Amino acid sequence: MDLDLDSVNASLRDASALEVVQWALGLGRPTIATTSMGRNAAAMLHLVGEVDKTVPTIWVDTGYNLRDTYIVAERLIRDLQLNIHVYSPEMTSERRNAIMGGIPTVDEEVRHQEFTRQVKLDPFARALEEFKPEILLTGIRHEETEHRQSLDIVSLDNRGIIKVAPLFYWSEDDVDAYMEQYELPSCR
């Protein structure tokens with residue numbers, strides 16, 4: 001699918017997050033939503049559900065989440081009626097901890113890269129293989145990392161997947177206000 005990203009981003013810059021989701025789903029291409037079930041995951045998941053509850057939601061459960069994350073995730077899956085698809089590493093966290101000596105720090109570059117491949121990248125690759133999305137709805141926001149500041153609402157990743165970030169220009173306060181307005185649970 002050919003999109004003029006500069007033009008698309010200019011046209012969506014003043015759109016609401018809901019309008020961004022509607023735009024993405026209106027393209028009529030295979031689409032998935034992704035979540036980490038992190039602190040503010042419910043905002044993006046709620047928005048997608050407001051437009052189309054059948055959109056497959058991909059959660060890569062690394063096996064290293066806190067108990068609270070699992071409790072909130074189950075509540076979101078139930079309350080938002082998510083079309084959830086959970087992908088996990090092929091090795092349990094306990095076995096990996098025994099073999100790798102726990103979660104490596106980023107200073108342990110080779111071990112950290114292998115850990116990331118096992119717990120995040122491989123499960124996500126399986127999801128992409130199964131769903132073959134052309135569009136990926138993501139909850140990333142501009143202010144979160146230096147890399148994300150180089151992106152925009154709509155971007156193209158290195159696999160050719162169109163990534164759409166409805167909350168891209170939301171501040172932390174915007175997310176908190178949305179979560180409060182719709183009484184959405186959050187991991188703290």
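A few remarks follow.
- Ranked order, Val21, Val51, Val106, Val60 - accessible area, probe 1.4 Å, largest first: Val106, Val51, Val60, Val21
- Working from Cα pairs under 8 Å separated by at least six residues, relative contact order for the stretch 1-102 is 24 percent.
- Computed accessible area, Leu151, all protein chains, 1.4 angstrom probe, square angstrom: 50
- Close amide-amide hydrogen proximity is noted between Ile84 and Thr57, each under 5 Å apart and 5 or more residues distant or on a separate chain (H modeled in the peptide plane; Pro and chain starts excluded).
- Computed accessible area, Asp52, all protein chains, 1.4 angstrom probe, square angstrom: 50
- Rounded to the nearest 10 degrees, the inclination of helix 172-181 to the longest alpha-carbon principal axis of the chain is 80 degrees.
- In this rough spin-label picture, where each label sits 7 Å from Cα along the Cβ direction, the Leu18-Glu109 distance is 4.8 nm.
- Per-residue ³J(HN,Hα) for the stretch 92-108, Karplus 6.51 cos²θ - 1.76 cosθ + 1.60, θ = phi - 60°, Hz, x for Gly and Pro: 5, 5, 5, 5, 4, 4, 5, 6, 9, x, x, 6, x, 7, 5, 5, 8
- Rounded, prolate or oblate (a/c below 1.5 giving rounded, otherwise prolate when a/b exceeds b/c) for the stretch 40-97 by Cα gyration tensor: prolate
- Summed side-chain charge close to Arg13 - residues other than Arg13 whose Cβ falls under 12 Å, Lys, Arg +1, Asp, Glu -1: -4
- Of the Cα atoms belonging to the chain, the radius of gyration and Dmax stand at 16.9, 51 Å.
- Lys120 accessible area, assembled protein chains, probe 1.4 Å, Å²: 110
- If you take all other residues with their beta carbon under 13 Å from the beta carbon of Glu114, and give Lys and Arg +1 and Asp and Glu -1, the sum is +1.
- Taking each residue as 0.36 nm, the span from Ser11 to Arg29 lengthens on full extension beyond its C-alpha to C-alpha distance by 4.5 nm.
- Applying 1/(1 + (r/R0)^6) with R0 = 25 Å to the Cβ-Cβ distance of Ala125 and Arg75 gives a FRET efficiency near 0.35.
- A 1.4 Å probe run over the stretch 16-165, with the rest of the protein chains in place, finds 53 Å² accessible per residue.
The values are calculated or read from the model by the stated rules, or taken from the named source; none is laboratory data. Given the structure is predicted, the values throughout are model-derived calculations rather than measurements. Backbone-built Cβ (ideal geometry, glycine too); neighbour counts: all protein chains shown. To get the accessible areas, we keep the full protein, side chains included, count just its heavy atoms, and leave off ligands, DNA and RNA. Shrake-Rupley method; radii C 1.70, N 1.55, O 1.52, S 1.80 Å.
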